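Here's the structure, in structure tokens; my notes come after.
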Amino acid sequence: MTEHFQVHGGARLAGAVDVVGAKNSVLKLMAAALLAEGTTTLTNCPEILDVPLMGEVLRSLGCEVTIEADTVTITTPADLNHHADSASMGKLRASVCVLGPLVGRCRRAVVALPGGDAIGSRPLDMHQNGLRQLGAHSEIEHGCVVAEAEGLHGAQIWLDFPSVGATENILMAAVLADGTTVIDNAAREPEIVDLCTMLLQMGGKIEGAGTSTLTVHGVDALQPTEHRVIGDRIVGATWAFAAAMTRGDVTVRGVDPHHLDLVLEKLRTAGADVTILEGNAFRVVQRDRPTAVDFVTLPYPGFATDLQPFAIALTSIADGTSMITENLFEARFRFIEEMIRIGADARTDGHHAVVRGVARLSSAPVWASDIRAGVGLVLAGLCADGVTEVWDVFHIDRGYPGLVENLVNLGADVRRVAAAPERS
């Protein structure tokens, strides 16, 4: 037996929805708690499956982890276990972010290669090269990243690509290194800024958060802290797309709209009225069928690759032909195979997809291959005739707390059902 969502088409979403803390931030902040002995408290944490999984990883390293509603409390011991080979490591990609803190704090780490979404290759070369420049020896051995250093020293590090994960791991190792480290071509995502904010609260010395150059002045030790996780911009954008696709009227609260400037501008191009409200909120109103619009995924502040499935879902029911270009993960277009099942007119050529909008999609059983693809299929099902079954919804639960409940509150007819799948 497994669970799936039954999505009844034809709903117009209307109302308000609250966005909780960012999945792509909370897991890295949990790892950062390894850098300081004592108790660190994180609030506004999303109630998603990945949080207890990361909790298991930290427990395997000797931490005490308590999760109560949206609050995660982590007590880090003086003597950390440096061997992260918990079974949970293989279930989420973000588990690799313990590598930097372990090397920074323990000067050694054995970290099992991570799992996570099936969206394409995400090598760890830049993570390892950055640690090597800080003075560590790092290799892949027996399915683990093995790193060790007698001491870490500051370095001038250039990233070939502004990798979020590599930036985070290098940053968390460098904050306890001797001397000054400069990370050039660093990732600029709001989640990086959130991590820098927490490290500053812990006593770190970091300059340039939110820019492509991070300067880290190493300190001898950090202190535990209490930190509120920023709102999830990807979830916030999801609701914006949902409003546009269903010709709805949705107010999204709990996320900084400026983290979504490009997304909201694209929706304006598609015909939506977008209003920025006070108190980290915005409103999206779509009165007519969306107009075709092109999307190109790029590192922040470009259009996020995580939002590419929603771009395809939107353009599949838009008026006209759109081109979506994927520059980050080659397997993201697997989503299109499922969209074709429900009537989308889409073709791929390398890292480009051409989508010709249709007036209405048609319901069918579909399967989620990752978190965002799963929700993209749910949104597409809202725009389809009949009832669309979305299977493998455990992916969705990893990133969207209470998705069904939120959709129902906005007027959708969506149900979680336990049944045995019959895949054709």
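I'd like the GluC sites (Glu not before Pro) in the range 143-182 restricted to DSSP loop residues with at most 13 other Cβ atoms within 10 Å, sorted by number.
Sites meeting the loop and neighbour criteria: GLU150.
Quote the charge dipole size of the chain about the Cα centre in Debye, to the nearest 20; the model charges only the Cβ of Lys and Arg (+1) and of Asp and Glu (-1).
Dipole about the Cα centre, nearest 20: 780 debye.
Expressed in nm², what is the orientationally averaged projection area of the convex hull enclosing the Cα positions of the range 190-305?
Seen from a random direction, the Cα hull of the range 190-305 projects 8.1 nm² on average.
What does the charge dipole of the range 91-232 about its Cα centre add up to, to the nearest 20 debye, if the Cβ of each Lys and Arg holds +1 and the Cβ of each Asp and Glu holds -1?
The dipole of the range 91-232 has a size of about 180 debye.
Rank ASP349, ASP370 by accessible area, highest first, at a 1.4 Å probe radius?
ASP349, ASP370
For ALA16, enumerate residues with amide H under 5 Å from its amide H, sequence gap 5+ or separate chain, H modeled in the peptide plane.
Excluding prolines and chain starts, which carry no amide H, the hits are THR251.
In the range 332-424, which trypsin sites (Lys or Arg not before Pro) are in a loop and have at most 12 other Cβ atoms within 10 Å, using DSSP for the loop call?
Passing sites in the range 332-424 are ARG360, ARG423.
Relative to a virtual label point 7 Å from the Cα of THR43 in the Cα→beta-carbon direction, which members of the range 227-254 show backbone nitrogen distances below 17 Å?
Counting backbone N atoms under 17 Å from the label point, the list is 227-232, 254.
Residue farthest toward the positive end of the dipole of the chain, with Cβ of Lys/Arg at +1 and Asp/Glu at -1: which of HIS351, ALA243, MET54?
ALA243
Semi-axes, largest first, in whole Å: what does sqrt of 5 times each Cα gyration tensor eigenvalue give for the range 300-397?
Ellipsoid half-lengths, sorted descending, are 19, 17, 11 Å.
Would you please classify the overall shape of the range 248-319 from the alpha carbon gyration tensor, given that a ≥ b ≥ c denote the square roots of the eigenvalues, rounded means a/c under 1.5, and beyond that prolate means a/b larger than b/c while oblate covers the rest?
It is oblate, given that a/c is not under 1.5 and a/b is not larger than b/c.
Considering the Cα trace of the chain, what is its radius of gyration and what is Dmax, both in angstroms?
So, for the chain, Rg and Dmax equal 21.5, 63 Å respectively.
I'd like the trypsin sites (Lys or Arg not before Pro) in the range 268-302 restricted to DSSP loop residues with at most 14 other Cβ atoms within 10 Å, sorted by number.
Passing sites in the range 268-302 are ARG287.
Among DSSP beta bridges lying fully in the chain, give the percent that are antiparallel, nearest 5.
Approximately 75 percent, going by the DSSP bridge assignments.
Name the residue from THR215, GLY402, LEU199 whose Cα lies farthest towards the positive end of the charge dipole of the chain, charges +1 on Cβ of Lys and Arg and -1 on Cβ of Asp and Glu.
GLY402
The values are calculated or read from the model by the stated rules, or taken from the named source; none is laboratory data. Just so we're clear, the structure is a prediction, and the values are computed from it rather than from any experiment. In this analysis, Cβ positions are derived from the backbone assuming ideal geometry, glycine residues included, and neighbour counts consider all displayed protein chains. Surface areas here come from the heavy atoms of the whole protein model, side chains and all, with no ligands, DNA or RNA. Shrake-Rupley method; radii C 1.70, N 1.55, O 1.52, S 1.80 Å.
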